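Taking it in order: structure first as structure tokens, then the write-up.
Please treat every number below as a calculation from the coordinates, not as lab data. The structure displayed is predicted, hence computed values, not measured ones. No Cβ is skipped: glycine too gets one built from the backbone with ideal geometry, and neighbour counts run over all protein chains shown.
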Amino acid sequence: MVDLASLDATAQLQALEARRITAVDLLEASLARWRATHAAINAVVATDLDRARERARAIDQLREKGERLGPLAGLPMTIKDTLDVEGLPASSGLAAIHRAGTVDDAVAVGHARLKGAVIWGKTNVPVMAGDWQSYNDLYGATNNPWDLTRTCGGSSGGSAAALAAGVTALEIGSDIGGSLRVPAAFCGVYSHKPTWGLVSQRGHIPPARGTVAERDINVVGPMARSARDLRLFLSILEDGPLPAKTTPPAVSALRIGVWLDEPSFPLDPEIRAMIVAFGRQLQGQGAKVEAARPVDGVALLDAYRILLMSAVAPDMPAATRRSASALRGVARVVRGVGGGVGDAADQMLQISATHLEWLEANEQRARIGEQVKGVFDTFDVILAPITPVAAFPHDHSDFNRRTIVQSDGRKILYSAMLNWIALASACGLPATAIPIGVTAAGLPVGVQLIGPRGGDSRTLAAAQAIEAEIGGFRAPPPLKP
């Protein structure tokens with residue numbers, strides 16, 4: 001018998017359309033998988049089951065009558081808990097925000113609901129979406145389905161864990177500092193960081209509920225267990241007319257620039273070796289694969305970190321912002337005597353950046369963006385690491401004192417998690433995260449396919465071609481009782 005909960009969204013939708021399964025039965029299959037895994041993983045942390053069952057029944061009745069239905073009709077799905085859902089306001093990991101009362105769907109959520117999705121739950125996040133681990137005092141920690149002692153990533157960590165465990169087939173996540181790509185890599189699933197501005201952020205918390213302006217760098221995007229699902233879901237989430245369907249190219253038609261050597265960016269030697277081997281696989285399928293270094297890493301990070309911290313600073317407690325401003329002079333002295341990129345002194349300077357400093361960083365970003373345009377004349381996509389390491393053990397110690405241990409025993413700064421994701425984030429480029437295998441310890445490894453601004457269909461097509469010819473998602477081993 002087919003395990004419906006383990007199918008990707010496209011296969012589940014095909015089963016619904018062919019009436020091999022009802023929306024009610026598919027919802028119950030998802031809920032059964034959630035109940036069986038929840039105690040171990042803790043991915044879905046809030047539910048609205050009565051309303052979901054009512055909607056599933058209504059969709060089944062409409063299908064029986066032969067009514068025309070949307071492309072997601074009857075598909076059960078969950079939403080990252082930074083996006084408002086009617087009946088389930090976003091918490092962003094804070095009880096005070098969760099007590100908001102009645103809210104409307106976030107714009108992206110509304111698109112999914114309009115096309116027939118049955119939304120039944122919210123997935124866990126770090127506080128204010130500000131970590132690469134998903135834990136908070138409201139809902140606790142979410143574990144990685146591949147190894148319960150390790151993080152599932154963040155901030156769309158509950159989303160990735162639920163996908164990997166077969167609890168949901170589609171998710172809406174968000175990404176300002178790798179929050180779609182990091183958990184996808186850690187849990188072995190797919191995600192797509194869209195071109196900035198392609199998908200509305202309205203209804204995403206942070207920033208504060210009711211904010212109208214689109215936040216710099218941040219994006220809302222799809223997560224799934226297949227590349228074809230990403231393509232389908234992005235066509236629904238984006239603001240504007242649905243793009244025409246295109247046939248993915250053969251891998252042999254792809255021109256891929258592999259970005260692995262960046263002196264200032266740590267990379268676990270095991271992950272590097274896996275990506276090199278993956279590049280050889282692509283070459284074996286006929287792809288043109290060459291080394292690339294699209295930007296200077298130091299210049300990129302200098303600009304990105306100021307832009308990033310300026311974007312998130314308004315959500316920080318007022319006392320934190322005041323302290324950062326008051327200690328700017330001290331921070332400059334500390335940095336001058338030996339502080340490195342990513343230490344506490346740097347962070348103070350970035351949080352308290354002046355408008356002039358932001359303008360300078362923005363100019364640097366624009367120059368980098370112009371430089372990168374030329375790279376895509378040579379390559380269709382840039383293939384790069386997402387994280388310097390595979391999923392690491394839970395660590396809820398002081399954020400600025402954390403380190404990560406590579407497979408060779410070398411310790412690196414926690415902030416190195418920002419490095420490889422910075423290019424697509426700072427320059428607003430699309431990046432599709434795809435799984436490429438597992439480490440010797442059995443932990444998933446993912447890479448990102450970065451494309452030119454507006455080139456979302458290009459990275460998604462490349463991901464779909466690779467999935468078809470080399471392989472894609474594999475489920476984690478069964479959870480130990």
Worksheet item: Based on the inverse mean of 1/r over its pairs of different Cα atoms, what is the Kirkwood hydrodynamic radius of the chain, in Å?
Response: 22.4
Fill in: Sites residue 399 and residue 148, calculated FRET efficiency, Cβ-Cβ separation with R0 30 Å, nearest 0.05
0.85
Worksheet entry | DSSP beta bridges in the stretch 4-237 [antiparallel fraction, %, rounded to 5] | 70
Discussion item. Quick query: amide H of residue 171 versus all other amide H atoms, modeled in the peptide plane; which residues come in under 5 Å with a sequence gap of 5 or more or a different chain?
Written reply: 223
Fill in: Long-range HN-HN contacts of residue 119 with modeled amide H, under 5 Å
77
Response to the item:
For the stretch 4-237 the translational diffusion coefficient, Stokes-Einstein from a Kirkwood Rh over Cα pairs at 37 °C and viscosity 0.692 mPa s, in µm²/s, is roughly 193
Discussion item. Per residue of the stretch 354-369, what does 6.51 cos²θ - 1.76 cosθ + 1.60 with θ = phi - 60° give for ³J(HN,Hα)? Whole Hz please, x for Gly and Pro, Karplus curve as stated.
Written reply: 7, 5, 4, 5, 5, 4, 5, 5, 5, 5, 4, 4, 4, 5, 5, x
Worksheet entry | Distance between modelled label sites at residue 293 and residue 356, nm, 7 Å Cα→Cβ extension | 3.3
Practice prompt. Taking the Cβ of each residue in 276, 312 as the centre, tally the other Cβ atoms inside 10 Å and list the residues starting with the fewest.
Written response: 276, 312
Worksheet, complete the sentence: Taking r as the C-beta separation of residue 95 and residue 54 and R0 as 25 Å, the FRET efficiency to the nearest 0.05 is 0.35
Worksheet item: Which order do 103, 372 fall in if you start with the one that has the fewest other Cβ atoms within 10 Å?
Response: 103, 372
Response to the item:
Exposure-ranked with fewest Cβ neighbours within 10 Å first, 288, 80 stand as 288, 80
Practice prompt. Can you spot the lysines whose alpha carbon is less than 22 Å from residue 115's alpha carbon? Ignore those fewer than 8 places along the same chain.
Written response: 65, 80, 193, 245
